[in-house]
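The values are calculated or read from the model by the stated rules, or taken from the named source; none is laboratory data. All of these numbers come straight from a predicted model, not from anything done at the bench. All Cβ positions, even for glycine, are placed from backbone atoms using ideal geometry, and neighbour counts span all protein chains on display. With ligands, DNA and RNA removed, areas are computed over all heavy atoms of the protein, side chains included. Shrake-Rupley method; radii C 1.70, N 1.55, O 1.52, S 1.80 Å.
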Amino acid sequence: FQPRDKTVPVLEGEAVQEQVVEKRIGVDQFRLRGPFTVTTREGQFLRLSAKERIPADFYLSSETRNAPLVILLHGYNNGKADHAYQGMHLATWGMNSIVLQLPNRGSWINHGRTLARIVDFIRKRPSDFPNADVRRIVLVGHSFGASAVAYALAQGAQVSGAVMLDPAAFGAALPAALVKVNKPVMVLGADEEV
């Protein structure tokens, strides 16, 4: 990560009001809902094996022409409920989403392996995901969930790309994993110093 470029102005408070709201610059892009209706299927499970069931909530867009699939993973000490709104919001914009619940503590490296297996599971069963184009999967992870996304990418998860929301990590394994990532990745951080 690089420190924020101090020469680039940051819009805060009154500047946001003036530049975005009053001048109506791109306000339509910030609507709360997209044009598509959403079918929600909460409390579901992805059955990776006879013994392994991953809790998941599905947010399916009414856009049924092979919409992309976004898989969201929470961070440390969080859960799928923390990303329910994001999953629903993506579906209103024509992307199906699955919000996963993995243990909210433990090995994020193992969670990355599980995430890679989930992607493989979905890609091998396109008929189980009829509204989704399983060739266009995007992984999204928050905090340590972003680390798990990086590990999944390093494992060769067959996805189009990834988004890391306020990524957090520690230990020596992550740099070795990051050099193996060969998919587009967007990092969104809220810390102005990192």
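Go through (1) over 17 Å from VAL70 (Cβ atoms); (2) open to solvent by less than 50 Å² (accessible area, probe 1.4 Å) and name the single condition LEU102 misses.
Failed condition: (1).
Within region 135-194, which residues are open to solvent by 80 Å² or more (accessible area, probe 1.4 Å), of a type in the set (Lys, Arg) and either closer than 18 Å to LYS80 by Cβ or not in a strand (DSSP E or B) (or both)?
LYS180
Please enumerate the residues belonging to region 59-78 that are open to solvent by 10 Å² or more (accessible area, probe 1.4 Å) and either more than 13 Å from the chain's Cα centre (by Cα) or polar (S, T, N, Q) (or both).
Result: LEU60, SER62, GLU63, THR64, ARG65, ASN66, TYR76, ASN77, ASN78.
Filter region 39-58 down to residues that are surrounded by 15 or more Cβ atoms within 10 Å (Cβ to Cβ), in contact with a Leu (Cβ under 7 Å, 6 or more places away or on another chain) and closer than 18 Å to TYR85 by Cβ, then give me how many there are.
Going through region 39-58 one residue at a time, the tally reaches 1.
Just a yes or no: is a residue in region 115-124 among the aromatic types (Phe, Trp, Tyr), under 17 Å from ASN96 (Cα atoms), open to solvent by 10 Å² or more (accessible area, probe 1.4 Å) and not in a helix (DSSP H, G or I)?
no
Tally time: how many residues in region 63-106 are in a strand (DSSP E or B) and of a type in the set (A, V, I, L, M, F, W, C)?
Within region 63-106, residues that are in a strand (DSSP E or B) and of a type in the set (A, V, I, L, M, F, W, C) number 9.
Kindly indicate the residue of region 54-77 that is more than 18 Å from ALA148 (Cβ to Cβ) and of a type in the set (D, E, K, R) and also modelled with the lowest pLDDT among those meeting that condition.
Per the criteria, the residue is ARG65.
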